Amino acid sequence: GAVVSQHPSRVICKSGTSVKIECRSLDFQATTMFWYRQFPKQSLMLMATSNEGSKATYEQGVEKDKFLINHASLTLSTLTVTSAHPEDSSFYICSATWLGGTNQETQYFGPGTRLLVL
Amino acid sequence: KQEVTQIPAALSVPEGENLVLNCSFTDSAIYNLQWFRQDPGKGLTSLLLIQSSQREQTSGRLNASLDKSSGRSTLYIAASQPGDSATYLCAVSGTYKYIFGTGTRLKVLA
């Protein structure tokens with residue numbers, strides 16, 4: 001149980017285009033989903049926290065107008081990188097917390113999406 | 001502000017050795033601590049989760065300990081194998097956020 005999927009797993013796009021990444025909780029309802037970014041040989045950095053039906057909370061230094069997050073249901077959150085540039089190339093990982101679980105502090109992680117902007 | 005540090009940053013050992021990876025955190029007010037494995041270009045694989053009220057967890061050749069008061073956790077890997085080669089990340093949970101450590105890149109030589 002507690003499986004999180006991401007789609008696509010890998011995407012290559014031209015500079016200036018927008019890219020949407022989906023994060024789904026497959027077998028549980030997630031009140032909260034998190035988006036992380038990982039640059040090569042670095043650790044994961046939290047970008048934003050997304051609660052179902054409300055606006056995402058962004059970490060300091062993350063542009064909310066560039067990284068649009070939508071959490072329309074208890075099983076789906078999307079991250080849209082708008083007007084992507086080469087410096088946005090990174091590994092994006094989502095995670096979700098389990099509504100009703102005994103420990104709502106535990107996050108379940110997706111497999112990640114590698115974005116390459118040319 | 002919570003800061004998580006892992007030592008060493010990289011480690012290379014011969015097959016069969018027992019080894020210890022270290023994780024330290026600055027704020028002891030955590031809900032849990034989790035150890036992950038990440039293979040190159042891949043996502044995270046959860047290894048062990050230690051609740052704040054626990055002192056250790058074991059799974060197979062892995063044992064993780066937690067000392068909240070001193071802000072430390074260790075991951076012990078027994079009888080290391082080449083397949084253990086990966087980056088190991090620790091993460092602490094507090095106020096619904098995970099803060100990740102800097103990672104330890106492990107290479108086990110055959």
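Each value in this text was obtained by applying a stated rule to the coordinates, not by laboratory testing. All values reported here derive from a predicted model rather than from experimental measurement. Every residue, glycine as well, gets a Cβ built from its backbone with ideal geometry; the counts of neighbours run over all protein chains shown.
Going 7 Å from the Cα of residue B:12 in the Cα-to-Cβ direction, what parts of the stretch B:91-110 have a backbone nitrogen less than 16 Å from that spot? Counting backbone N atoms under 16 Å from the label point, the list is B:105-110. Once you have a ≥ b ≥ c as the square roots of the Cα gyration tensor eigenvalues for the stretch B:1-86, tell me rounded if a/c is under 1.5, and otherwise prolate or oblate according to whether a/b is larger than b/c. It is prolate, given that a/c is not under 1.5 and a/b is the larger ratio. Across chain B, Cα pairs under 8 Å and at least six residues apart give a relative contact order of 37 percent. Lysine pairs in the stretch A:1-101 whose alpha-carbon atoms fall under 17 angstrom of each other, counting only those eight or more residues apart or on distinct chains, come to 5. In whole percents, the pair-distance distribution calculated for the protein assembly as shown from its alpha-carbon pairs, binned every 10 Å from zero, is 8, 32, 35, 20, 5, 0.
Run the count for chain B, please: Lys pairs, Cα-Cα under 24 angstrom, 8 or more apart or on different chains. Can you show the working numbers first?
Values: B:1/B:68; B:1/B:97; B:42/B:97; B:42/B:107; B:68/B:97.
Taking the Cα cut-off of 24 Å, the pair count is 5.
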